[in-house]
1. Among (1) open to solvent by 10 Å² or more (accessible area, probe 1.4 Å); (2) farther than 30 Å from residue B:44 by Cα; (3) part of a helix (DSSP H, G or I); (4) not basic (Lys, Arg), which single condition is residue A:264 missing?
2. Is there a residue in the range B:295-312 that is part of a loop (DSSP other than H, G, I, E, B), within 14 Å of another protein chain (Cβ to nearest Cβ) and either over 22 Å from residue B:23 (Cβ atoms) or not basic (Lys, Arg) (or both)?
3. Can you name the residue in the range B:203-239 that is among the hydroxyl-bearing types (Ser, Thr, Tyr) and more than 30 Å from residue B:313 (Cα to Cα) and is also most open to solvent (accessible area, probe 1.4 Å) among such residues?
4. Answer yes or no: is there a residue in the range B:298-310 that is of a type in the set (Asp, Glu), surrounded by fewer than 22 Cβ atoms within 10 Å (Cβ to Cβ), modelled with pLDDT of 95 or more and under 27 Å from residue B:225 (Cβ atoms).
5. Which numbered condition in (1) assigned to a helix (DSSP H, G or I); (2) within 14 Å of another protein chain (Cβ to nearest Cβ); (3) open to solvent by 50 Å² or more (accessible area, probe 1.4 Å) is the only one that residue A:50 fails?
6. Quick one: what pairs do we get from the range A:288-303, first residue within 17 Å of residue A:235 (Cα to Cα), second in a helix (DSSP H, G or I) and of a type outside the set (Gly, Ala, Ser), C-beta under 6 Å, 6+ apart or different chains?
7. Say we look at the range B:108-120 and pick out the residues that are part of a helix (DSSP H, G or I) and open to solvent by 10 Å² or more (accessible area, probe 1.4 Å); which of these is farthest from the other protein chains (Cβ to nearest Cβ)?
2 protein chains.
Amino acid sequence: MKYSEHYKNTLLNDVIPFWERHSVDHKFGGYFTCLDQNGKVYDTDKFIWLQGRQAWMFSMLFNNVEAKEDWLKVAESGVSFLKEKAMDTDGNFFFATTQDGRPLVQPYNIFSDCFAAMAFAQYAKASKDEDYKELARNTYLNILKKKDDPKGKYEKRTGVRPLKGFSLPMILSNLVLELEDVLSQKEVEETIDFSVNEVMNVFLQKDSGLIHENVNPDGSFSDNFEGRLLNPGHGIEAMWFMIDIGSRNDDTQLINKAVQTIITILEYSWDKVFGGIYYFMDVKGNPPQQLEWDQKLWWVHLETLVALAKAYEHTGDQRVLDWYEKVHNYAWSHFADPDNGEWFGYLNRAGKPLLTLKGGKWKGCFHVPRAMFQCWKTFEKIEQSTNFKF
Amino acid sequence: MKYSEHYKNTLLNDVIPFWERHSVDHKFGGYFTCLDQNGKVYDTDKFIWLQGRQAWMFSMLFNNVEAKEDWLKVAESGVSFLKEKAMDTDGNFFFATTQDGRPLVQPYNIFSDCFAAMAFAQYAKASKDEDYKELARNTYLNILKKKDDPKGKYEKRTGVRPLKGFSLPMILSNLVLELEDVLSQKEVEETIDFSVNEVMNVFLQKDSGLIHENVNPDGSFSDNFEGRLLNPGHGIEAMWFMIDIGSRNDDTQLINKAVQTIITILEYSWDKVFGGIYYFMDVKGNPPQQLEWDQKLWWVHLETLVALAKAYEHTGDQRVLDWYEKVHNYAWSHFADPDNGEWFGYLNRAGKPLLTLKGGKWKGCFHVPRAMFQCWKTFEKIEQSTNFKF
């Protein structure tokens, strides 16, 4: 079977039906995300990142795969919940609520807001509902307003060692493309310029070619746990956001630099003993703080597959194809669960499931189906082109 | 070699020299705690829990083992740092500072304060310095003042699902005995009564005999990630605090209940495949949130050895001795590092070091030497008694 068909089949016949069947809360709206190996709900709390991500996913499928009413209904359930239950009076989004939508955890960072904005924009496009378009725009503007102090009063760090984090420009570089329909061209270009510059000229290190998670405000190295931290999956995922921007802007230089960075990070973070990509590393080889550092996570490997597929589409580079096949073989043989559907999320270093859940506080209907969609569409282009051996 | 000698030798010839040699910051005072396998400093930030714990440790050795001036000097370096650098103007203790004592992380909970209070009280006893006695008392009173809202403005949870946590009564039950010299008898009795009641009648579950980390304000079960969480090492450590209180108060009933709880928790949380005690579990068998749930941590096993030694001292129960020997064999063959001294802190499920550090952000000069001291003294009593087969 062709790669494109393999991804399409998995998306449409395995992954999406799994979430349609198990995750929709028909009573209170929104989604259950804590699903065990078989899809049974083991906890009913609603984690707002994942509400936004699933509403985005079903809207995106409606917009890009097929205008199925069932998908729109699933998406609608999520955006209503977000709008009515997950937003505070200032337009900030809680981190978690109870099943029936009473707030449990305050809006202590901006990621809930980012995924809500993505969901609103895709849903507005699907439903043609102008209110959601407006809500997407307002949520985005609120994110920009908070971006220099994203944790507000919940910030526990003093000002003694100000660091800036990679997550913010990384997510903005994806969010801005998602929101092109609801922003002015000037707004879009400004955020693209800001985020590409931060990602490629500040966080991407000139000497090592690696991406640091935290740097001094002037971009220099900060030698402490935060400053030494590498999150290889983060860096690689950001590189496919860069390839998308490079593709939009016909910027071959940006694409090539992103492709080289994917390879550099992979060579550095591939586990030579057990295979797979480490979750966290310390750039000086010191013990990282994160006890889960050597685990193999589903999203890291899926985002790497997307990044490599896009990298191959744009370069035809044999090194990229070799890496693609290596990661593909590892990921499909370790994460996929052909018996019960969907993918395991968390493997130990040796590649055995550490938790058998299909969804939880952080894993929802997002990285698996998004990567399936992206790889499907990318391989379709690769396979149709006469430039490639496929 | 007798157990008592084994623990004494390790404490005095291995563990304490390791920290004396590697951890003292002769330039700025206080201690380095980020030490690699050989004791080399790999990070210079100061984590205030660990500053308090090490200052307490050296003061305690001075008071209870030998009045060595060198030990008092090490302790003095820590208490000065705590007093001059780690305390804010309201008497709260930061979570972390730079090497030279500039605050990095705000006082966002009360545990830094608890370990500072312990350090001040032991140091006051060692040095006869009344200022530190006063400081210990003030710090303790400040903890009590904050105990119903320990995170203050850093609390991210709304009031929708108020839960109370086990850590607070647990630490108070130990802290209050540490501070007997600086509190009135009434203050001591009040806190003992409060903490014993919370630990043994609220968090200890009547049906299962297990200890939950979080319960509803009325003590009932709360079915969510926090409410289902078990931390077996926490529960077992608290049981030796209970045995100490039972011993102080001649309360055989309390001691026996604590001993039974130790056995119940051990039977539940012992890894039947690889040996060792799990770090976290979900009481309903659901996937826990903590990705490190199946790891084997030094402190869990050391506190279990202390708890079992004390349990055996007070009961002579053969089941306790059997468990003692099982945990002893596991712990000494997996955590101890005879090549470079001290103990590894973090093993993977199979018992191999996950991180080879001897100290870090959370591991300092505390659980290893405290357990060595406690086991040494407890086995000395057991071995001298004619009631036991030792």
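The values are calculated or read from the model by the stated rules, or taken from the named source; none is laboratory data. Quantities reported herein were computed from a predicted structural model and do not represent experimental measurements. Note: ideal-geometry Cβ built from the backbone for every residue, glycine included; neighbour counts use all protein chains shown. In case anyone asks, the SASA skips ligands and DNA or RNA and just uses the protein heavy atoms, side chains included. Shrake-Rupley method; radii C 1.70, N 1.55, O 1.52, S 1.80 Å.
1. Of (1) open to solvent by 10 Å² or more (accessible area, probe 1.4 Å); (2) farther than 30 Å from residue B:44 by Cα; (3) part of a helix (DSSP H, G or I); (4) not basic (Lys, Arg), only one is false for residue A:264: (2).
2. yes
3. B:220
4. no
5. Of the numbered conditions (1) assigned to a helix (DSSP H, G or I); (2) within 14 Å of another protein chain (Cβ to nearest Cβ); (3) open to solvent by 50 Å² or more (accessible area, probe 1.4 Å), the odd one out for residue A:50 is (3).
6. A:299/A:367; A:302/A:367; A:303/A:236; A:303/A:237
7. If we take residues in the range B:108-120 being part of a helix (DSSP H, G or I) and open to solvent by 10 Å² or more (accessible area, probe 1.4 Å), then B:115 is farthest from the other protein chains (Cβ to nearest Cβ).
For (1) farther than 22 Å from residue B:361 by Cβ; (2) surrounded by 15 or more Cβ atoms within 10 Å (Cβ to Cβ); (3) within 14 Å of another protein chain (Cβ to nearest Cβ); (4) at pLDDT 95 or above, each residue gets a yes or a no:
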site: B:106; (1), (2), (3), (4): no, yes, yes, yes
site: B:133; (1), (2), (3), (4): yes, yes, no, yes
site: B:149; (1), (2), (3), (4): yes, no, no, no
site: B:158; (1), (2), (3), (4): yes, yes, yes, yes
site: B:165; (1), (2), (3), (4): no, yes, no, yes
